[in-house]
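Colleague: I have a structure I would like to understand better, so I am pasting it below and will then ask my questions one at a time.
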Amino acid sequence: MHLDVQDLRNFYYRSRLGRAAQKAVREEVLRFWPEAQGQTVVGYGFAVPFLRPYLADARRVIGLMPGPQGVIGWPQGMPNVSVLCEETCWPLDTGRVDKLLVMHGLETSENPGALLEECWRVLGPGGSALFMVPNRAGLWSRSDKTPFGYGRPYSQSQLESQLRLHSFLPIGHATTLYQPPSQLRFWRRTAGMWESLGGRFSMVVAGGVLLVEATKRVQAPSGPGLRETVRRPLQVLKPAGKPEAKPV
């Protein structure tokens, strides 16, 4: 079940808790991707709050938003780069994306397998995809007062298994949002402290958001011709036999 785009916008841009969540998650995204000079950066779901740092230097930034969710113009005060699209049919050429960020997309998808296939299709060779989902062990997935309380939360092993099943190779992971999902003044004032402490003691305290970075895994071609070549790689060094005499 997709969330409504207006609810997502109101949470991230108009609530104190949402702005704190945006700050914490964006900082973690920047640890994975410090820059995107001359690259094509695409976000799917509601990823636009975390794409802003790349607007200045990226060759192109695109925010894809699924039809059931709806779309808003973004960024404010600049030429619009957000696009309404089908969940599993994106208006992008194959293999042209350098960085792909999926946020509020995978856990709410009715067909996550087909969505991951579309992610694989558009990601270019050497590109990087960053999947962000509610952490099953965290507090945020247990509260429906935030967008992270909807859809299917994941554990790290569940998400990585799903990615491998669809030809992705996980290469890194992290968690963030250690602050409680509460609007109370005390928790808002101490949010920075909880994020700092959570990063140090992440083995004890579970973050609310799980991030897994993955690359595109391309299978080597297989077939009898290839197997025969590998089995006898030095066959070409043997002297050729004498040509047969042609009948007169």
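Colleague: Estimate the FRET efficiency between Arg142 and Asp7 by the formula 1/(1 + (r/R0)^6), using the beta-carbon distance for r and 22 Å for R0, to the nearest 0.05.
Modeller: About 0.75, to the nearest 0.05.
Colleague: Okay, next question. Specify which residue in the list Val42, Met65, Leu55 is farthest towards the positive end of the charge dipole of region 1-91, using unit charges on the beta carbon of Lys, Arg (+1) and Asp, Glu (-1), about the Cα centre.
Modeller: With unit charges placed on the Cβ atoms, the residue in question is Leu55.
Colleague: Would you work out which of His104, Pro91, Trp120 lies farthest towards the positive end of the dipole of region 3-127, given +1 charges on the beta-carbon of Lys and Arg and -1 on that of Asp and Glu, about the Cα centre?
Modeller: Projecting each Cα onto the dipole axis, the largest value belongs to His104.
Colleague: With an 8 Å Cα cut-off and a minimum separation of 6 or more residues, compute the relative contact order for region 93-187 in percent.
Modeller: 27 percent
Colleague: Quick one: grab the alpha carbon gyration tensor of region 1-158, order the square roots of its eigenvalues as a ≥ b ≥ c, and give me rounded if a/c is under 1.5, else prolate or oblate depending on whether a/b is larger than b/c.
Modeller: Rounded, since a/c falls under 1.5.
Colleague: I would also like to ask the following. Where does each of Cys89, Cys119 land when they are ordered by accessible area, with a 1.4 Å probe and the largest first?
Modeller: Descending order: Cys89, Cys119.
Colleague: So, in Å, what gap is there between the alpha-carbon centers of region 87-129 and region 6-20?
Modeller: 25 Å
Colleague: Given R₀ = 22 Å, what would the calculated FRET efficiency be for Asp57 paired with Val83, taking r from the Cβ atoms and rounding to 0.05?
Modeller: 0.60
Colleague: With a point put 7 Å past each Cα toward its Cβ, work out how far Ser161 is from Gln37 in nm, to one decimal.
Modeller: With each label placed 7 Å out from Cα toward Cβ, I get 4.2 nm.
Colleague: Below 8 Å between Cα atoms, with a sequence gap of 6+, how large is the relative contact order for region 1-88 in percent?
Modeller: Relative contact order of region 1-88: 25 percent.
Colleague: Expected output is a single nm value to one decimal: the length gained when fully extending between Leu169 and Arg19, i.e. 0.36 nm times separation in residues minus the C-alpha distance. What is it?
Modeller: 50.8 nm
The values are calculated or read from the model by the stated rules, or taken from the named source; none is laboratory data. All values derive from a computational prediction rather than experimental measurement. Positions of Cβ are backbone-derived with ideal geometry, glycine not excepted, and every protein chain shown enters the neighbour counts. All accessible areas refer to the heavy atoms of the entire protein, side chains included, with ligands and DNA or RNA removed. Shrake-Rupley method; radii C 1.70, N 1.55, O 1.52, S 1.80 Å.
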